[in-house]
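Below is one structure, written out as structure tokens; the observations come after it.
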Amino acid sequence: MEDCSLPKDAYFLGFDSSTQSLKATVLDSNLNIVAAEIVNFDSELSHYKTKDGVYRDPLVNGRIVSPTIMWVEALDLVLQRLQKSNLDFGKIAAVSGSGQQHGSVYWKNGSSKILSSFDPKKLLIDQLRDAFSIKESPIWMDSSTTEQCKAIEKAVGGALKLSELTGSRAYERFTGPQIRRISETQPEVYQNTERISLVSSFMASLLTASYACIDQTDGAGMNLMDIKERSWSKIILEATAPGLEEKLGKLAPAHAVAGLIAPYFVERYDFNKNCLIVQWSGNNPNSVAGLTLNSPGDLAISLGTRTLYVFGITTEHKPSLEGHVFPNPVDPKSYMVMLCYKNGSLAREDIRNQCADKSREVFNKFLQQTRPLNGGKLGFYYKDHEILPPLPVGFHRYVLKNFNGESLDGGSECEVQDFDPPSEVRALVEGQLLSMRAHAERFGMPSPPKRIIATGGASANNYILSSIASIFGCNVYTVQRPDSASMGAALRAAHSLLCNKKGNFVPISSMYVDNLEKTSLNCKLAATAGDQNGCEIEIGVAKVHKQMDK
């Protein structure tokens, strides 16, 4: 059996540059966490006066940005904290990172010289204040580019054609529409820009002291890359902005080495001069790595406060007007699929407050005492405008009449104003989960999946986990650590080092397949598929499909 062990006593550093914080996680050669630090932007870099890490422009509807230099200062600070924790930087063999997807940075003409001449006696922030042609970076929350999205879709032959080319239709938060808007509304800024980075490649550029490539996985979240060829699409570049390819630079596989760590960090923090900087990627791709999703049939569900995500692995790219497809960051022969929903725990809290006396215990009791699918009562609850399916705010409740639990034949439906409290609770939870399963099936995900890994705040609720196991028909696991993005980045750093050592790509699972339970990546079984009524679940999914097609 091929030896895929990592160098003994080596460390691997992973960053997560997210919307609200910069986190660092260090793994040892056994893939266990040995150090972790975090810098919260609002509270610890309060002089930027951000709220939730961002600025909301009161003059431009939907414009949401972050101060680029804040991310630079955060890197200075988190490295200082790791240094004070007595971390031996000399043991770090490779570094990679995760950046919030879709955020973009605009380097002004001449900034490559600033990058290549860092002075280790000065902080990075003091050397990069004037390096940007626009000081505020558009991020994933921005929705000011509706007109640019329409124009790009029209130029390439429609939304489905754009999805076929890039993996997604045009979205306001995607980088391509953001670049087009800057080119149209601030042409002098665009002309004074020599390089456009994503947050991921921007942070990697700081560590190598040279412009890092955009990796192919994060690059797929730009509406600019031909997802099958893994190269910039000429037709879309031309539809976006003039001379764009030169400003974007080259693309690189996510597991590729961006370069050696810059002398600045060797002299200032005592990094080993041979430490590899591995291409950074987006936060969602890094979470896929950190959750150990490796093959088709794997599925992860993130049960967050505001947003619900479903991640999956597939060997095919099927164009769709819903969801997103990216190259798999840990396997160049496959893709990762991501489905995004806006209505998460806040919708559950609203129903809990209305129907369960604001009590989690009562909420769980109601969920436990009701039967799957409520005997034909289904609900869809949108506190915010929903992404999948694209529906406005509203609560929608349906009763399937003449429902016998075996067939929809002869049945009919009617919309009602409310349910009894226990049915309301189950309808909410099942409505969210049935929608996830229905969309996953539309994307070609196996049904049932091989396994599901649940993460996020609601993954601590065993009753919700049992509902997931029932509706998807497979076992559900939970992770031991919440920081899957930074841990995934550290794991990817180790993986790239191994590929570099072998001289060829090796499966990432080879590093932990035989001892996963002994690592910080380990998952535990939380709910089994059990003896769910498969017919009732299929009827529920059919109902969701029918509702989506209206």
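Among the criteria (1) among the hydrophobic types (A, V, I, L, M, F, W, C); (2) modelled with pLDDT of 90 or more; (3) open to solvent by 10 Å² or more (accessible area, probe 1.4 Å); (4) within 23 Å of the chain's Cα centre (by Cα), the one VAL479 does not fulfil is (2).
One residue is enough: does region 354-368 have a residue meeting the conditions open to solvent by 20 Å² or more (accessible area, probe 1.4 Å) and closer than 30 Å to TYR171 by Cβ? No; the residues of region 354-368 include none that is open to solvent by 20 Å² or more (accessible area, probe 1.4 Å) and closer than 30 Å to TYR171 by Cβ. Residue count for region 2-24 satisfying the condition of being open to solvent by 10 Å² or more (accessible area, probe 1.4 Å), in contact (Cβ under 8 Å) with a residue 60 or more places away in the chain and part of a strand (DSSP E or B): 3.
Consider region 189-233 and keep the residues that are in a loop (DSSP other than H, G, I, E, B) and within 20 Å of the chain's Cα centre (by Cα). The one that is farthest from VAL156 (Cα to Cα) is CYS213. Scanning region 175-215 for residues that are among the aromatic types (Phe, Trp, Tyr) and under 23 Å from ALA256 (Cβ atoms) turns up PHE202, TYR211.
Quickly run through region 444-463 and pick out the residues that are farther than 27 Å from GLY14 by Cβ and crowded, with 22+ Cβ neighbours inside 10 Å.
MET445, the sole residue that qualifies.
Please find, within region 369-399, the residue that is farthest from ASP418 (Cα to Cα) out of those that are of a type in the set (A, V, I, L, M, F, W, C) and open to solvent by less than 20 Å² (accessible area, probe 1.4 Å). If we take residues in region 369-399 being of a type in the set (A, V, I, L, M, F, W, C) and open to solvent by less than 20 Å² (accessible area, probe 1.4 Å), then LEU388 is farthest from ASP418 (Cα to Cα). If you go through region 291-330 and pick out every residue that is hydrophobic (A, V, I, L, M, F, W, C) and open to solvent by 10 Å² or more (accessible area, probe 1.4 Å), you end up with 1. It is to be established whether one or more residues within region 239-258 are within 24 Å of PRO319 (Cβ to Cβ), surrounded by fewer than 17 Cβ atoms within 10 Å (Cβ to Cβ), touching a helix residue (DSSP H, G or I) at 6+ places or on another chain (Cβ under 9 Å) and modelled with pLDDT under 95. Looking for residues that are within 24 Å of PRO319 (Cβ to Cβ), surrounded by fewer than 17 Cβ atoms within 10 Å (Cβ to Cβ), touching a helix residue (DSSP H, G or I) at 6+ places or on another chain (Cβ under 9 Å) and modelled with pLDDT under 95, one finds none in region 239-258, hence no. Annotation note: Cβ proximity below 6 Å between a residue of region 171-188 that is part of a loop (DSSP other than H, G, I, E, B) and a residue that is of a type outside the set (Val, Ile, Thr) and open to solvent by 50 Å² or more (accessible area, probe 1.4 Å) (sequence gap 6+ or interchain) occurs for GLU172/SER143; ARG173/TRP140. Screening region 79-160 for strands (runs of 3 or more DSSP E) wholly inside it with 1 or more residues that are modelled with pLDDT of 95 or more, open to solvent by 10 Å² or more (accessible area, probe 1.4 Å) and closer than 25 Å to LEU497 by Cβ returns the ranges 92-99. Somewhere in region 51-70, is a residue closer than 26 Å to VAL257 by Cβ and either touching a residue at least 40 places away in the same chain (Cβ under 8 Å) or within 24 Å of the chain's Cα centre (by Cα) (or both)? Yes, region 51-70 contains at least one residue that is closer than 26 Å to VAL257 by Cβ and either touching a residue at least 40 places away in the same chain (Cβ under 8 Å) or within 24 Å of the chain's Cα centre (by Cα) (or both). The requirement of being open to solvent by 10 Å² or more (accessible area, probe 1.4 Å), assigned to a helix (DSSP H, G or I) and within 19 Å of LEU206 (Cβ to Cβ) is not satisfied by ILE38. Quick check: anything in region 213-228 of a type outside the set (Phe, Trp, Tyr) and in contact with an Asp or Glu (Cβ under 8 Å, 6 or more places away or on another chain)? The answer is no, given that none of the residues of region 213-228 is of a type outside the set (Phe, Trp, Tyr) and in contact with an Asp or Glu (Cβ under 8 Å, 6 or more places away or on another chain).
The values are calculated or read from the model by the stated rules, or taken from the named source; none is laboratory data. Worth saying up front: this structure is predicted, and the values here are computed from it rather than measured. When we count neighbours, we look across all protein chains shown, and the Cβ atoms used for this are built from the backbone with ideal geometry, even at glycine. Note: areas computed on protein heavy atoms with side chains; ligands, DNA, RNA excluded. Shrake-Rupley method; radii C 1.70, N 1.55, O 1.52, S 1.80 Å.
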